[in-house]
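S.K.: There's a structure below that I have some questions on.
What follows is calculated from the coordinates using simple rules that are stated; it is not laboratory data. Since the model is a prediction, treat every value here as computed from it, not as a measurement. With ideal geometry, Cβ positions are generated from the backbone for all residues, glycine too; neighbour counts draw on all protein chains shown.
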């Protein structure tokens with residue numbers, strides 16, 4: 001294929017994407033849809049997932065260890081595709097890797113929600129770790145909106161078991177979402193990258209009048225904009241390569257990834273970070 005633009009060593013490097021588990025695949029897929037010519041390296045720390053119930057100090061440590069591995073692969077940008085990881089480690093990551101643009105999931109989703117709410121009532125569903133950090137409250141502090149946060153601890157286990165519909169999930173989701181309906185939110189941030197995989201159930205319960213904001217989709221748009229500003233977009237007609245890695249069981253990761261994401265996930269490899277799992 002003929003080249004359609006210049007390419008240099010830095011722009012030709014892959015994008016590094018990190019998540020605690022499978023949820024970041026929604027970010028990876030959204031990035032691929034927007035930037036089909038970009039190589040990506042994905043790392044899911046499934047051996048220590050879920051991050052939501054862990055302390056922010058643990059999440060910060062695990063996130064930085066995983067980002068260190070991605071940096072060692074020669075990536076040109078880091079995507080923290082994990083709301084809990086973003087909440088716990090974003091500031092540390094930017095100090096640790098000043099040479100790399102870092103895109104996270106919280107601020108892009110918050111900005112989108114603030115721009116589209118009609119009644120100024122924004123809901124956030126997230127993990128306990130993200131709620132404790134108050135990262136979405138901080139991101140929306142400058143906006144004249146009322147924020148209502150709901151922790152949904154069972155959503156991630158449902159997704160990572162491959163369950164995205166059914167009576168049990170519907171009952172759990174109704175319990176989580178009814179308080180937000182009573183508060184009449186008209187915009188709901190899916191504050192965990194696993195949650196877009198449950199958007200059918202969430203939208204059904206919340207109703208058509210409530211707009212769902214996917215932190216995964218907004219992160220992908222922010223990634224495009226960031227690489228464009230930095231002159232790091234690849235534009236040489238390259239056939240993209242995608243590397244999927246996990247700290248856990250690669251067969252399990254690939255099986256669930258294929259079930260949830262179709263043929264997008266393949267050839268998963270296990271990464272040994274030399275870390276104790278606890």
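S.K.: Where does helix 83-96 land angle-wise versus the long Cα axis of the chain, in degrees 0 to 90, nearest 10?
M.R.: Taking the Cα atoms of the chain, the angle to 83-96 is about 40 degrees.
S.K.: Go ahead and collect, in residue order, the members of the range 192-216 whose backbone nitrogen is under 17 Å from a label point 7 Å along the Cα-Cβ direction of residue 164.
M.R.: Counting backbone N atoms under 17 Å from the label point, the list is 192-205, 212-216.
S.K.: How high is the FRET efficiency between residue 118 and residue 181 when r is their beta carbon distance and R₀ equals 22 Å, given to the nearest 0.05?
M.R.: Rounded to the nearest 0.05, the efficiency is 0.90.
S.K.: Please compute the Kirkwood hydrodynamic radius over the range 106-215, one decimal place, Å, based on all pairs of different Cα atoms.
M.R.: So the Kirkwood estimate lands at 13.7 Å.
S.K.: Shifting gears a bit: Kindly provide the helix-only [θ] at 222 nm of the chain, computed as the sum of -39,500 (n - 2.57) over DSSP H runs of four or more divided by all residues, to the nearest 500 deg cm²/dmol?
M.R.: Here the helix-only value at 222 nm equals -13000 deg cm²/dmol.
S.K.: Test of understanding: what is the full-extension gain from residue 146 to residue 33, defined as 0.36 nm times their sequence separation minus their Cα-Cα distance?
M.R.: Additional length available on full extension: 37.4 nm.
S.K.: For residue 208 and residue 94, FRET efficiency with R0 = 35 Å and r from the beta-carbon atoms, rounded to 0.05?
M.R.: Taking R0 as 35 Å, the efficiency between residue 94 and residue 208 is 0.35.
S.K.: Could you please state, rounded to a whole Å, how far the C-alpha centre of the range 99-149 is from the C-alpha centre of the range 50-90?
M.R.: Result: 19 Å between the Cα centres.
S.K.: Moving on. Report the convex hull volume per residue for the range 1-150, counting only C-alpha atoms, in Å³.
M.R.: 134 Å³
S.K.: Also, I was wondering about something else. Arrange the peptides 145-154, 118-127 so that the one whose residues have, on average, the most other Cβ atoms within 10 Å appears first.
M.R.: 118-127, 145-154
S.K.: Report, to the nearest 10°, how far helix 25-34 tilts away from the longest principal axis of the Cα atoms in the chain, using its own Cα long axis and a range of 0 to 90°.
M.R.: The angle comes out near 60 degrees.
S.K.: If you don't mind, there's one more thing I want to ask. Mind pulling the angle between the C-alpha long axis of helix 250-261 and the longest principal axis of the chain? Nearest 10 degrees, somewhere in 0 to 90.
M.R.: 60 degrees
S.K.: Follow-up question, since we're still on this one. When you count, for each residue, the other Cβ atoms within 10 Å and take the mean per peptide, how do 162-175, 185-198 rank with the highest first?
M.R.: 185-198, 162-175
S.K.: What value does the chain have for Rg/Rh, both radii from Cα atoms and Rh as Kirkwood defines it?
M.R.: Result: Rg/Rh = 0.96.
S.K.: Continuing with the same structure: Quick one: if the Förster radius is 35 Å, what FRET efficiency do residue 138 and residue 68 give, using the C-beta to C-beta distance and rounding to 0.05?
M.R.: 0.85
S.K.: Between residue 55 and residue 233, what is the label-point separation in nm under the 7 Å Cα-to-beta-carbon projection?
M.R.: Distance between label points: 4.4 nm.
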